[in-house]
Amino acid sequence: QVQLVESGGGSVQAGDSLRLSCAASGRTFSNFVLGWFRQAPGKEREFVASITGSGGTRYNRDFVKGRFTISRDNAKNTVSLQMNSLQPEDTAVYYCAAAYMFLPNGRNIDYWGQGTQVTVSS
């Protein structure tokens, strides 16, 4: 079956870095946009970043501000998110996602991962 499996989450201090990875299986995702959403308790799901099969990227305009970099390996069906200068407000469950096009609310996502927890303490 089609699966997206995240890894790389953890607990870090403010200013530290994490690299999240997502391994997709069950089909080829070369024609899909891959990316990340996040959700903190009591908050709505937020778009974080996305990347097309040809390498075009988008980032959340409000909170990424150059701190995160998304990349993908089409041969391996993987997508990664390098997160630098992490802050407590980045604490959330981060979800890998795949779709033909990402909408900010994530309602059109075709496949979701189960999420990986990122906790940033001050």
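Quick notes
- Label-zone membership for region 69-106, site Val2, 7 angstrom Cα→C-beta point, backbone N under 14 Å: 97-102
- Antiparallel DSSP beta bridges within the chain, percent to nearest 5: 90
- Only Lys, Arg (+1) and Asp, Glu (-1) charged, at Cβ; region 40-108 dipole about Cα centre in debye: 160
- Ligands, DNA and RNA left out, the accessible area of the chain computed with a 1.4 Å probe is 45% carbon and sulfur.
- Enclosed volume per residue, in Å³, of the convex hull spanned by Cα atoms of the chain: 93
- With protein chains left intact and a 1.4 Å probe, residues in region 12-62 average 55 Å² of accessible area per residue.
The values are calculated or read from the model by the stated rules, or taken from the named source; none is laboratory data. Just so we're clear, the structure is a prediction, and the values are computed from it rather than from any experiment. Note: ideal-geometry Cβ built from the backbone for every residue, glycine included; neighbour counts use all protein chains shown. Each accessible area value is taken on the protein alone, full model and side chains, heavy atoms only, with ligands, DNA and RNA left out. Shrake-Rupley method; radii C 1.70, N 1.55, O 1.52, S 1.80 Å.
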